[in-house]
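As structure tokens, the structure follows; a few thoughts come after it.
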Amino acid sequence: MKQLTALQQQGRRSNSFRNASAPLDVNVDGSIKSPATIFWLVIHGLCCLVSLVLGFRFSRLVFFLLFSTSSTPSTTTIYTALQTTLPSSSPATPPPERNISSVGGGTRVVVGRHGILIRPWPHPDPAEVMKAHEIIERVQSEQRSQYGIKSPRAVIAITPTYVRTFQTLHLTGVMHSLMNVPYDLIWIVVEAGGVTNETASLISKSGLKIMHIGFDGKMPILWEARHKFESKMRLHALRVVREKRLDGIVMFADDSNMHALELFDEIQKVKWVAAASIGILAHSGGSEGELPMIRRNDSVGDGKNSQMPIQGPACNSSDHLVGWHTFNTLPFVERSARYIGDRAIVLPQKLEWAGFVLNSRLLWEDTDKPAWVKDLEEVGRDGEDVESPLSLLSDASVVEPLGSCGRKVMLWWLRVEARADSKFPARWIIDPPLDITVPAKRTPWPDAPPELPSSGEKVITIQENTEKRATKSGPRRKRSSRSKRKHTPKVLEEHVSSNHSRDN
Amino acid sequence: MGFCMWVLLFLPLFLWSSVGEKGIGRGSVPTERIAGSAGDVLEDNPVGKLKVYVYELPSKYNKKVLQKDPRCLTHMFAAEIFMHQFLLSSPVRTLNPSEADWFYTPVYTTCDLAPNGLPLPFKSPRMMRSAIQLISTKWPYWNRTEGADHFFLVPHDFGACFHYQEEKAIKRGILPLLQRATLVQTFGQRNHVCLNEGSITIPPFAPPEKMQSHLIPPDTPRSIFVYFRGLFYDVNNDPEGGYYARGARASIWENFKNNPLFDISTDHPTTYYEDMQRSIFCLCPLGWAPWSPRLVEAVIFGCIPVIIADDIVLPFADAIPWEEIGVFVAEKDVPYLDTILTSIPVEVVLRKQRLLANPSMKQAMLFPQPAQPRDAFHQILNGLARKLPHGKKIFLKPRQKILNWTAGPVGDMKPW
């Protein structure tokens, strides 16, 4: 049957029963019908029928078992119809460090059916996987050095922070972004209220070079004052850069921002001062509804304010800096948040620090600096407000736009914070463990009798504890999870009451 | 006397410094010079070193065949057609046969295609015989040497054995009339009937524009460790496995289908070329024949080829040091492929990538239209030039006959 279809096919590679009938071949060509050939033909036919029934080629297995194929040399012809493994070489020991060269001359490669070699444990070895990843790492760093940025400079990231509920969330995000930066990094963490163990334990997990500095003063609650305080913290960090003469590119990684890794590649291009576009995600957590959709703003005459939630450099057609895009805060001014945890939209400032990048040499004293940069000591003294790094420059037009002239957004601003008095477990470790044990709805042993007389007291204590929990959860409510929290105490109470009723 | 001493002292210094020199290629990407067993010959210019005479055969041997099926221009055997076109307008061509070193016969034997695009070799022996009969009667140069200074392009699966199935090809052997001629073919396997001593192996044709159009920026990090796309089991012709690829491809699948380092499947993704540029190693296992266009693609896209084909002879083997560029794995070592590949030292991997980045390496694998310096056409001519000068022995004495014109299967004797 197979031979017929093979002949009919104009296509290729018709696999005849050649190998199966190896003993047959010799005789068939001669076309001498001897009893032996007839006998073999009969056996062959029988095997065909059996194969039809079984579903795989039975005939060759029989031939192999009965007649060892001694005519075929060297390479293995062990039949693996069922794809069993082979004792070809001891599986535990891979071939020794031999020269990976082609097979030496003189070995003949045999045409015919070969076994499919499968080792007994065809799964990856973890040590080898690690080695492969090391190879990949090395190849990629070689690629970077060949095609990417030549002579990359160190990145100095300045982050003002303070201990609060959302600190872990924000700081972990920034930390992980910085851990993935492929360049040398120095992370200056300025903490309001002095250095604390909380922050220190969090950032020590990063493995980065960190300078953890304390800054006296408590972080204010009102947003206005807060922005000013943060600017002071950043200036303090800049002073440290100046004192220690750190060399590299200074960027401001606010802990509530989200950075794309392309940003770090892009800032390598800075010469003295540069600005990148920030996406502003002014968010309201309450039921204020979405921000109004971006309306087409035709007031191009001013050219400086647009409805896009972007803050950054604005260029003319020849890619020169002509102005700044700022986020239009006018529609939201009445509804803007005034203090931390306010149920209103938190608005950014006109120009956030995070969008600017400086060459650290601008801050050094006694070096060659361009004429348009002011000395750090003169700025911010006498408590005057430094709104953005532009105050360091006497001429704002020297700022270099990044990200194809501000068109690429690699940085997002979003300030979600909990109320100032919200509590959270220190270092997010719950100690001592929670003291409520709520019985499972279905115990694994359905026949076990329910808790007997002592359960009455348990029930009472449970009720007390749930009441306690209800009061505790009040201030801890975050804006987004408020609705969820309301439900849980109710559920507990329901359950307890049902238990009650059941017992009674 | 003293001067000679100084020269002798400094000579080894010069020789040592010129071997394995690390050149800085264009664009300041560090590459390395490639020197095979024949020396640093990839950059040689064959013009002036040899003269080729192109026989004018009637168009039924070339143009008409091509007109019947223009698919011949894009499949992997298109080298025979493009070589003809290249030679017609090349400076090595001479119109005076008496001063020619080599004679070329433009007969397209691999252009009789089945509906699915694969060439049918059943008529090719007769076509070749008919062409040779023509040139031996019309011109005296064949009979002078019985073809020893003639070369033919036979890019089909098993070269001049003219069959796609290996056993039948071995049974046929090389066409008896071509025994003395130089064969330029893609098939190469040591100790095989279908590879003559002195044949030139060439890469299969891969369309250069198509590959250039899929280039991605070179700073895209290479994140795939091992890459392969293709069949593991040829279900139509060898459903149980073990026959196709001598079981090597099936072995790859069974051993590494669960290995996250190996990105292997039978998919036909549209991003095939892009994925190759994101891989460090590309598997080039044998199929029904040991050669495959994957080698060319791997070289063009800078992916280190892992060649799994015992005794294979790779293209331009005397000009390109394939051991230094690719990784060779014996078929019986396939189950340990991951151990082998991960135990290669990183410096060796980086060196191979530098060698692959050498533009002459990539040029040598391509058949661009129109021809460019150092491309595969020129490498073929270089190979032919290296075989010069012909010894005096190739010229037959009068009335001496070596070839047997009636040897071969009966079917071949029929006129084409």
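Worth a mention:
- Among A:200-208, B:329-337, the peptide with the highest mean count of other Cβ atoms within 10 Å heads the list, and the full ranking is B:329-337, A:200-208.
- The DSSP beta bridges internal to chain B are antiparallel in roughly 20% of cases.
- Cβ-derived FRET efficiency at R0 25 Å, residue B:60 paired with residue B:405, nearest 0.05: 0.70
- Average projection area in nm² (convex hull over Cα atoms of region A:195-265, one quarter of hull surface): 6.1
- 3J(HN,Hα) along region A:138-145: 5, 4, 5, 5, 5, 4, 4, 5 Hz, from the Karplus curve 6.51 cos²θ - 1.76 cosθ + 1.60 with θ = phi - 60°, whole Hz, x for Gly and Pro.
- Global form of region A:304-383, assessed from the alpha-carbon gyration tensor, a/c cut-off 1.5: oblate
- Length-normalised contact order of region B:208-365 in % [C-alpha pairs under 8 Å, at least 6 apart]: 23
- Model label sites at residue B:47 and residue A:334, defined 7 Å from Cα along the beta-carbon direction, differ in position by 8.2 nm.
- Region B:114-231 - percent relative contact order, Cα under 8 Å, separation 6 or more: 19
- One compactness figure for region B:73-137 is 1.31, namely its Cα radius of gyration divided by 2.2 N^0.38 Å.
- For region B:354-401, relative contact order (Cα pairs under 8 Å, six or more residues apart, normalised by length) works out to 21 percent.
- Partner shielding of B:219-226 amounts to 5, given as the average count of beta-carbon atoms from other chains within 10 Å of each residue beta-carbon.
- Within 10 Å of each Cβ in B:159-165, the average number of Cβ atoms from other chains: 1
- For the pair residue B:414 and residue A:52, label points projected 7 Å from Cα toward Cβ lie 3.4 nm apart.
- Interatomic Cα distance distribution for region A:114-186, bins of 10 angstrom, percent: 14, 25, 24, 20, 11, 5, 1
- Value of Rg to Rh for region B:208-365, rounded to two decimals, is 0.94; Kirkwood radius and Rg both from alpha-carbon coordinates.
- Loop GluC sites (Glu not before Pro), region B:55-130, which have at most 13 other Cβ atoms in a 10 Å radius of their Cβ (DSSP): B:56
- FRET efficiency estimate (nearest 0.05) - Cβ-Cβ, residue A:184 to residue B:89, R0 56 angstrom: 0.50
- Cα shape, region B:193-282, gyration tensor, a/c 1.5 rule: oblate
- Across A:205/A:374; B:51/B:393; A:150/A:232; A:150/B:362; A:131/A:244, pairs whose alpha-carbon gap is larger than 29 Å: A:205/A:374; A:150/A:232; A:131/A:244
- Inter-chain neighbour count for A:128-137: the average number of beta-carbon atoms from partner chains within 10 Å of each residue's beta-carbon is 6.
- Efficiency of FRET from Cβ geometry, residue B:171 and residue B:197, R₀ 22 Å, rounded to 0.05: 0.60
- Label-reachable residues, region A:111-147, where backbone N falls under 15 Å from a point 7 Å from residue B:350's Cα toward its Cβ: A:134-147
- Prolate/oblate/rounded call for chain B, Cα gyration tensor, a/c under 1.5 rounded: oblate
- Length gained on full extension, residue A:225 to residue A:141: 25.8 nm, using 0.36 nm per residue less the C-alpha separation.
No lab work stands behind these numbers, since they all come straight from the coordinates. Here the structure is a predicted model, which is why all the values come from computation and not from measurement. All Cβ positions, even for glycine, are placed from backbone atoms using ideal geometry, and neighbour counts span all protein chains on display.
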